[in-house]
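The values are calculated or read from the model by the stated rules, or taken from the named source; none is laboratory data. All of these numbers come straight from a predicted model, not from anything done at the bench. Note that we place each Cβ from the backbone using ideal geometry, even for glycine, and neighbour counts take in every protein chain shown. The protein model used for the area step is the full one, side chains on, heavy atoms only, and it has no ligands, DNA or RNA in it. Shrake-Rupley method; radii C 1.70, N 1.55, O 1.52, S 1.80 Å.
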Amino acid sequence: MRIVFIGPPGAGKGTQCRRLSRELAIPHISSGEMLRACRTDSPLGELIAGYIDGGNLAPDDLMMQFIIDRLRQPDCENGYLFDGFPRTVNQAEMLTGFLAERDQRLDAVINLIIQEDALVQRLLARAESEGRADDTPETIQTRLKVFRNRTEPVLEFYRRRGIVVDVDAAGTPDEVFTAIRDALR
């Protein structure tokens, strides 16, 4: 299966992708983790850190190159779960084109829905527990605004293709996982 998880920061994309990845035995591809992992003292790493730390998105072409490199690895042959990609309509279009060249398509887009006040509380708690530099109150607001302006239109892109499944992400991780599994059946 090839599945995209979309949801605002703090909706539980990473948590749910990790669980589903284990169940389906396919890789969990987190664009945020990929970008955070390349934060080095190199010019590219510093450029990426500037985007992440400011709560902004990495440029589409840069992000797509990371994704293409990852999808060419053998463990992706039987499917994968995207966590945090695509985040713009342009990225969604590029991904669709890349998959079409390989006679592939996405099977589903899981849209995790949760109220904004609950998200802010989750993100602040995550900042404390994980020490995430990109989860400050100011950055959270920037990330939510970026999500509304740039990522929510991706949902419409995929709704027109009939592959979006809405899942209430306000429950416990187990409740949300059950809802995702039910939706995929």
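Structural remarks
- Test: residue in the range 76-89 that is assigned to a helix (DSSP H, G or I) and not hydrophobic (A, V, I, L, M, F, W, C): no
- Top-ranked residue of the range 60-75 - restricted to ones that are in a helix (DSSP H, G or I) and of a type in the set (D, E, K, R), ranked as least open to solvent (accessible area, probe 1.4 Å): Asp60
- Entry remark, the range 2-49: residues being more than 20 Å from Val89 (Cβ to Cβ), at pLDDT below 95 and in a loop (DSSP other than H, G, I, E, B) number 7 in total.
- Taking first residues from the range 16-37 that are free of Cβ contacts under 8 Å to residues at least 60 places away in the same chain and at negative phi and partners that are open to solvent by 70 Å² or more (accessible area, probe 1.4 Å) and in a helix (DSSP H, G or I), the Cβ contacts under 7 Å between residues at least 6 apart in sequence or on separate chains come to Pro27/Asp75; His28/Arg18.
- Against the test of being out of contact with any His (no Cβ under 6 Å at 6 or more places or on another chain) and on the phi > 0 side of the Ramachandran plot, the options Asp117, Asp103 yield a single qualifying residue, Asp103.
- Residue list for the range 91-112, restricted to those being open to solvent by 80 Å² or more (accessible area, probe 1.4 Å) and touching a residue at least 40 places away in the same chain (Cβ under 8 Å): Glu93, Arg105
- Subset of the range 113-132 that is farther than 24 Å from Pro153 by Cα and assigned to a helix (DSSP H, G or I) - its residue that is least open to solvent (accessible area, probe 1.4 Å): Ala127
- Restricting the range 161-185 to residues that are in contact with a Leu (Cβ under 9 Å, 6 or more places away or on another chain) and not in a helix (DSSP H, G or I), the residue that is surrounded by the most Cβ atoms within 10 Å (Cβ to Cβ): Ala169
- If you go through the range 122-155 and pick out every residue that is hydroxyl-bearing (Ser, Thr, Tyr) and under 16 Å from the mean Cα position of the chain (by Cα), you end up with 1.
- Selection from the range 11-35 of residues that are open to solvent by less than 20 Å² (accessible area, probe 1.4 Å) and touching a Cys at 6+ places or on another chain (Cβ under 9 Å): Ile26, Pro27, Ile29, Ser30
- Scan of the range 136-160 for residues that are in contact with a Leu (Cβ under 8 Å, 6 or more places away or on another chain) and free of Cβ contacts under 8 Å to residues at least 24 places away in the same chain, ordered by number: Pro137
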